[in-house]
Amino acid sequence: QQMLKFECQYLNGTKQVKYLMKYIYNRDQMLHFDSDVGHYVADTPLVEPDVKYWNSQPDILEDERTAVDSFCRHNYEVVTPFTVERR
């Protein structure tokens, strides 16, 4: 069983946004991408070769780094009127 989990953490609206992508296999987190770090991090030795390869590819890293704007900030603007401002 494998799963990708995408997470956005917001501080002060969209002023400080953190994007996390986690790859989970059999309930164990194998690797993750943290926008504050800016590259993939291997959480187990098994995936270190994959992580080294992905971190050596500028286009792959750029896609993940831009997810802060294209995924997190975009979704914040779309969802906010229905969640935060609705009372």
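Based on protein heavy atoms only, the chain ends up with 72 Å² per residue of surface accessible to a 1.4 Å probe. In this structure, the amide hydrogen of LEU31, modeled 1.01 Å from its nitrogen in the peptide plane, lies closer than 5 angstrom to those of TYR23, ASP43, counting only residues at least 5 positions away or on a different chain.
How many percent of the accessible area of the chain is carbon or sulfur, using a 1.4 Å probe?
On the chain, the fraction of accessible area on carbon and sulfur atoms equals 51 percent.
Taking a straight line from the alpha carbon of LYS52, these lysines sit under 28 Å away, with near neighbours fewer than eight places off in the same chain left out: LYS5, LYS18, LYS22.
Label positions at PHE6 and TYR53, each projected 7 Å from the Cα along the C-beta direction, are separated by 2.3 nm. TYR25 sits among other residues whose Cβ lies under 15 Å from its own Cβ, and their net charge, with Lys and Arg +1 and Asp and Glu -1, is -1. Taking the range 1-82, which trypsin sites (Lys or Arg not before Pro) meet the DSSP loop condition and have no more than 13 other C-beta atoms within 10 Å? The qualifying sites are LYS15, ARG27. Of the GluC sites (Glu not before Pro) found in the chain, the ones in coil according to DSSP and having at most 13 other Cβ atoms within 10 Å of their Cβ are GLU85.
The values are calculated or read from the model by the stated rules, or taken from the named source; none is laboratory data. The structure displayed is predicted, hence computed values, not measured ones. All Cβ positions, glycine included, derive from the backbone under ideal geometry; neighbour counts span all protein chains shown. When the accessible area is computed, the model is the full protein with side chains, heavy atoms only, and any ligands, DNA or RNA have been set aside. Shrake-Rupley method; radii C 1.70, N 1.55, O 1.52, S 1.80 Å.
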